[in-house]
1. Can you send over the solvent-accessible area of Arg90, 1.4 Å probe, protein chains only, in Å² to the nearest 10?
2. What lysines could a cross-link reach from Lys57, if we take a straight Cα to Cα line under 29 Å and drop same-chain neighbours fewer than 8 places away?
3. So how much accessible area does Phe343 have, in Å² to the nearest 10, using a 1.4 Å probe?
4. Which order do Leu257, Leu71 take when ranked by solvent-accessible area (1.4 Å probe, heavy atoms of all protein chains), largest first?
5. Which of the aspartates and glutamates could a cross-linker span from Lys291 if the Cα-Cα distance has to be under 15 Å and same-chain partners fewer than 8 positions apart are dropped?
6. Mind checking which of Gly365, Val341, Leu325 is farthest towards the positive end of region 308-384's charge dipole, using Cβ charges of +1 (Lys, Arg) and -1 (Asp, Glu) about the Cα centre?
7. Using the Karplus curve 6.51 cos²θ - 1.76 cosθ + 1.60 with θ = phi - 60°, what ³J(HN,Hα) values do you get for each residue of region 193-205, in whole Hz, with x for Gly and Pro?
8. With charges set only on the Cβ (+1 for Lys and Arg, -1 for Asp and Glu), what does the dipole of region 314-378 come to about its Cα centre, in debye to the nearest 20?
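The values are calculated or read from the model by the stated rules, or taken from the named source; none is laboratory data. Given the structure is predicted, the values throughout are model-derived calculations rather than measurements. No Cβ is skipped: glycine too gets one built from the backbone with ideal geometry, and neighbour counts run over all protein chains shown. What goes into the accessible areas is simple: the full protein's heavy atoms, side chains included, and nothing from ligands, DNA or RNA. Shrake-Rupley method; radii C 1.70, N 1.55, O 1.52, S 1.80 Å.
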Amino acid sequence: MKKILLAFVILMVFISSRISAVEHVSILGVRYLTYKTYTRVVIDLSSLASFNSNRLKKPERLYFDIKGCTLAKDTKTSIAVNNGILKKIRSGQFSEDTARVTLDLEGMSQYSAFVLENPDRLVIDIYKPEAALAPLIIESKPFIKEIPDDVKIKTIVIDPGHGGKDPGAVGPNGLKEKDVVLDVGKRLGEILNERYGVNIIYTRKTDVFIPLNERTEIANSNNADLFISVHANANTKRSAKGIETYILNWTNDDESLKVAARENNISISKMKLLRGGLQMILDDLTRSHKKQESVKFARNLQDSMVSTLKDQYNKTTDLGIKQALFYVLVGAEMPSALVEVSFISNSDEEKLLASKGYRDRIAEGIAEGVGDYIKGSTLMARQK
C-alpha cells in the first residue's frame, strides 16, 4: 500500500511539474511606440497570461503584475522614454511566479490594457491628459489634379490583409485572399497617387507576414490621415456573396462576429473575453470623433465600390456598413475602415476575384470613395 501511495505521489508531482511547464510564461521583451495622442507599451509574451494592474501616486506610476511569468534573461530591466507621457519602463521579478512591469509617468488621463494573440502580447495604451476630448485634426498638404489646393489629407496607408505564412481565406478553387488583396491594394495605391497626388504607404508590398498590431503602428508612425485595410470575405455558407465595409466597434451580430474572428485569427469566445480591455479604446473613438469620421469614410467607400462594380457586374450585392472588433483597426489615430471586397468562398465571386478586370474595378471603386471623402472633408474645412 505504501508503495502504491508513494508511486501515486511521484506521479502527481510529475503531472504537476508538467502542468507548470505548460502554463509557464516568459516576458520576451518590452517595447514602446509614441503617437500624437498616446504612448503604446507592448510586452511580448511566450504565451497568453493573466495580469493585474494598479495605479499609484507620489510618484505617478502604473504597474502590471503578470501571473505565472518570469523575465527572459536578455530582457531589458529599464528603458528610458521621457516623451511627456512616460518617463521610464521598469521590469523585474516581483515574486517567484510573478513578473512586474512598472511605468513611471509624466502625465496621463487614462489608460487601457488588453491581451492580444498571434503574437501573444500585453498591450498598454497611455493617453495624454488632453487626448480624451481632443477633436480629430487632419493635417494639411496640397494635392494635385482633381483635388483643391486647401485639402486637409496628404497621406494614406493601404493595408493588404494577411500575407506570408497567413494566406487568409482560400476559395473552392484554391485562390488565396492574400494574393487578391495585395493586387487590389497596390492598384489602389497607384490610382490614388496618380489621380490625387497623395502620398501612399503600404503595410506590405510583397508576400510577407505583418502582425496585426504593426499595421496600424505603421499608419500612426507616418502620421497617416486615412487607413484602409483590404480583405476578401469568406463564409461556411457557399452561397454568401456581396461587398461590405467595416468600422471598429463592438457588435453582437453573429455574422459580423464571425468575420472579425476569422480576420483576427481568434475564436469568438476569446474575442468576447478580450472585449472588456478594449472598451476604453472604443469609448475613446466616440469622444474623439474618430468613430463619426470613420463612418463617413466607410460610407463613401462602400457606396462607391457598389456603384462602380454594378456598372459592369449587375449582380453585385450591397451588404452595407457594419461594425466589428477588428484588431487591425485598434489604435488607429485616423479615420479607418476595413473593406471586404467579395466572398472568395463563393465559387462565382472567386472567379471574379481571379480576374484582373474585376480587381481593377474594385480598386477604382475604393479610389473614387476616397476621393469623395477627401472632397467632403475639404468642403467642411472651407465652411469653417
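1. For Arg90, solvent-accessible area is about 90 Å².
2. Once the sequence-local lysines are set aside, what remains near Lys57 is Lys36, Lys67, Lys76, Lys87, Lys88, Lys128.
3. 10
4. Working: Leu257 5, Leu71 40 Å².
The ordering from most to least exposed comes out as Leu71, Leu257.
5. Result set, ordered by chain and number: Asp225, Asp283, Glu333.
6. Gly365
7. 5, 5, 7, 10, x, 6, 7, 10, 10, 9, 6, 7, 10
8. Numbers: 7 positive and 10 negative charges, 16 e Å.
That gives region 314-378 a dipole magnitude of about 80 debye.
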